[in-house]
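Asker: First, the structure itself, so that you have it in front of you.
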Amino acid sequence: MNYEKLEAHLNNMMCKFDVKEYDLLVKQNGKEVFRKMAGFSDAAGTKPINENNLRWIYSMTKVITSITVMRLVEKGLLNLDDAVAKYLPEYNNMNVKTENGTVPAKNTIRIWHLLSMQSGMDYFLDSQPLKEARKNQKATTREIVRAMALKPLCFEPGTDALYSLSHDVLAAVAEVICGKTWYTILKEELFSPLGITDIGFHPSNEQKSRFTQQYCYDEKSNKCLVHNMNNMFCLSDIYESAGAGLFCKTEDYSVIIDSLANGGIAYNGYRVLSQESINKMRENRIKHNGFFIKDGYGYGLGVRTLVDRNAAKTITGDGEFGWDGVASSYNLIDPENHLSIVFSTHILGTNLFNSNLSPKTCNLIYELLGI
């Protein structure tokens, strides 16, 4: 198959937007059909990137969290309609901001509210409760999430949608249910059965040496400027952010999401999720297009989901879903065509990929594959 058109587009992307490196991996029917890596992992431009490079995937973490929560549901350990306060008592008497001041919330936050961004929470990392909790750099996930409950909600749970720290709360719920740390749960439910070892919240020194340089895009100069290597969502030295905290290799992330494109079964036969759970994840749960979703998409359980191809200006498959990360990473899962796409970069401060480059790239992939 001739991929010259796609490669020309990728080369143009690097030149036009000063993209320093990227890794694009496309699979269909569980097999790799296209892989293109370009650029350098270091700012000096001396180390060509390779398949062992690591990046912070930020909010692409949410897809992994949603899969793991749905696995707990399938095991009967959790119900989507459960009140969060059943597991985290501090979420029992929440307050909500109104035009008339802060009042007790009438609605109870439920698990599906957290998954679908309808909890009423926000993404303000510098709230006073979080500032206090973060003074302890050894604060656990459970302790940080307890502090989140002290901030008033932005609206009654279930009445609106707002991109938020909701997925972080799910980690604490899972820890209470399983009696283990969030990473241990992820390792047992997903990573170990799939043979994934190069993934986590707090990289070792050896892993740090394999990170690609993180950049920040400057719109005025149209340049990618060297940025520090920190993850802003690591709220303590041991905090495990279920919303935006993971790092991993492109291939390992692909292994996880590609299973959802193939009936929930991974390359090695491991059942990641049932088709019923996959369909629940990609079912649109919001009544309007929230500010955090592209035109033509709704939001399911931790994922955007295609509802109108014309509005989205895409030729991707009906019912495709996925999510992206703040450092311009992107993924797409298409169960109808058994297709998965992972597009990895490490550039903060830009929506170029979400609004422009990723849709164009995906359209070219579909065009070349004839689907």
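Asker: What lysines does K31 reach when the alpha-carbon gap must be under 19 Å and sequence neighbours fewer than 8 apart in one chain are set aside?
Answerer: Candidates past the 8-residue exclusion: K249.
Asker: Could you work out what % of the accessible surface of segment 88-178 is carbon and sulfur, using a 1.4 angstrom probe and leaving DNA, RNA and ligands out of the count?
Answerer: Using a 1.4 Å probe with all protein chains present, segment 88-178 comes out at 49 percent carbon and sulfur.
Asker: So how far, in whole Å, is the C-alpha centre of segment 221-246 from the one of segment 110-166?
Answerer: 18
Asker: Averaged per residue, what accessible surface does the chain expose to a 1.4 Å probe, in Å²?
Answerer: On a per-residue basis, 41 Å².
Asker: Can you sort L77, L54 by 1.4 Å-probe accessible area, starting with the largest? It would help to have the intermediate numbers written out before the result.
Answerer: Values: L77 80, L54 0 Å².
Sorted by accessible area, descending: L77, L54.
Asker: Please state, to two decimals, what the Cα-based radius of gyration of segment 132-194 comes to when divided by 2.2 N^0.38 Å (N = residues).
Answerer: 1.32
Asker: With a Cα-only, solvent-free Debye model of segment 1-115, what are the log10 I(q)/I(0) values at q = 0.13, 0.16, 0.18, 0.21 Å⁻¹?
Answerer: Normalising to I(0) and taking log10 leaves -0.78, -0.88, -0.99, -1.24.
Asker: Could I ask something else about it? Can you give me the long-range amide H partners of V33? Hydrogens built in the peptide plane at 1.01 Å from N, cutoff under 5 Å, separation of 5 or more residues or another chain.
Answerer: Those lying under 5 Å, H to H, from V33 are V26, K27, Q28.
Asker: Ignoring ligands, DNA and RNA, please state the percent of accessible area on segment 214-286 from carbon and sulfur, probe 1.4 Å.
Answerer: 49
Asker: For M229, tell me the accessible area in Å² from a 1.4 Å probe, rounded to the nearest 10.
Answerer: So the heavy atoms of M229 present about 70 Å² to solvent.
Asker: To continue, here is another question. Taking the chain as a Gaussian network, Cα atoms linked when under 10 Å apart, which of V103, V176, V272 shows the biggest mean-square fluctuation?
Answerer: Maximum among the listed residues: V103.
Asker: Let me ask something else about it. Please work out, to two decimal places, the log10 of the ratio I(q)/I(0) at q = 0.08 Å⁻¹ from a Debye calculation in which every Cα of the chain carries one identical scatterer.
Answerer: These q points yield log10 I(q)/I(0) values of -0.38.
Asker: Something else: With the crude spin-label approximation of a point 7 Å out along Cα→Cβ, what separation in nm comes out for T184 versus N205?
Answerer: 2.7
Asker: Cα axis of helix 250-260 to longest principal axis of the chain: angle in degrees, 0 to 90, nearest 10?
Answerer: 70
Asker: Same structure, new question: Roughly what % antiparallel, to the nearest 5, for the DSSP beta bridges in the chain?
Answerer: Numbers: 41 of 45 bridges.
That works out to approximately 90 percent antiparallel.
Asker: Output the direction-averaged projected area (hull surface divided by four) of the convex hull of the alpha-carbon atoms of segment 188-273, in nm².
Answerer: One quarter of the hull surface, i.e. the mean projection, equals 7.5 nm².
Asker: If each residue of separation counts as 0.36 nm, what is the full-extension length gain between A44 and N284 once their alpha-carbon separation is subtracted? Walk me through the numbers on the way to the answer.
Answerer: Details: separation 240, 0.36 × 240 = 86.40 nm, distance 4.42 nm.
82.0 nm is the gain from fully extending A44 to N284.
Asker: Roughly how big is the chain's charge dipole about its Cα centre, with Cβ charges of +1 (Lys, Arg) and -1 (Asp, Glu), in debye to the nearest 20?
Answerer: With Lys and Arg at +1 and Asp and Glu at -1, about 360 debye.
Asker: In segment 14-74, which trypsin sites (Lys or Arg not before Pro) are in a loop and have at most 15 other Cβ atoms within 10 Å, using DSSP for the loop call?
Answerer: Sparse-neighbourhood loop trypsin sites (Lys or Arg not before Pro): none present.
Asker: Which whole-Hz ³J(HN,Hα) couplings does segment 31-42 yield from phi under the Karplus relation 6.51 cos²θ - 1.76 cosθ + 1.60, θ = phi - 60°, glycine and proline marked x?
Answerer: 10, 5, 10, 7, 9, 9, 10, 8, x, 10, 7, 10
Asker: Search the structure for amide H atoms under 5 Å from the amide H of G349, placed 1.01 Å from N in the peptide plane, and list their residues when 5 or more places away or on another chain.
Answerer: Y217
Asker: Also, quick follow-up: When each pair of different Cα atoms in segment 67-202 is counted once in the 1/r mean, what is the Kirkwood radius in angstroms, to one decimal?
Answerer: Answer for segment 67-202: a Kirkwood hydrodynamic radius of 15.6 Å.
Asker: Let me ask something else. Loop-only check: which trypsin sites (Lys or Arg not before Pro) in segment 207-255 are DSSP coil with at most 16 other Cβ within 10 angstrom?
Answerer: Hits after loop and neighbour filter: K220.
Asker: Could you state the angle between the C-alpha long axis of helix 61-74 and the longest principal axis of the C-alpha atoms of the chain, as a value from 0 to 90 degrees rounded to the nearest 10?
Answerer: Taking the Cα atoms of the chain, the angle to 61-74 is about 60 degrees.
The values are calculated or read from the model by the stated rules, or taken from the named source; none is laboratory data. The model shown is predicted, which means the values in this text are computed figures rather than measured ones. Because the Cβ atoms are built from the backbone with ideal geometry, glycine has one as well, and the counts that use them run over all protein chains shown. The accessibility values were calculated without ligands, DNA or RNA, using every heavy atom of the protein model including side chains. Shrake-Rupley method; radii C 1.70, N 1.55, O 1.52, S 1.80 Å.
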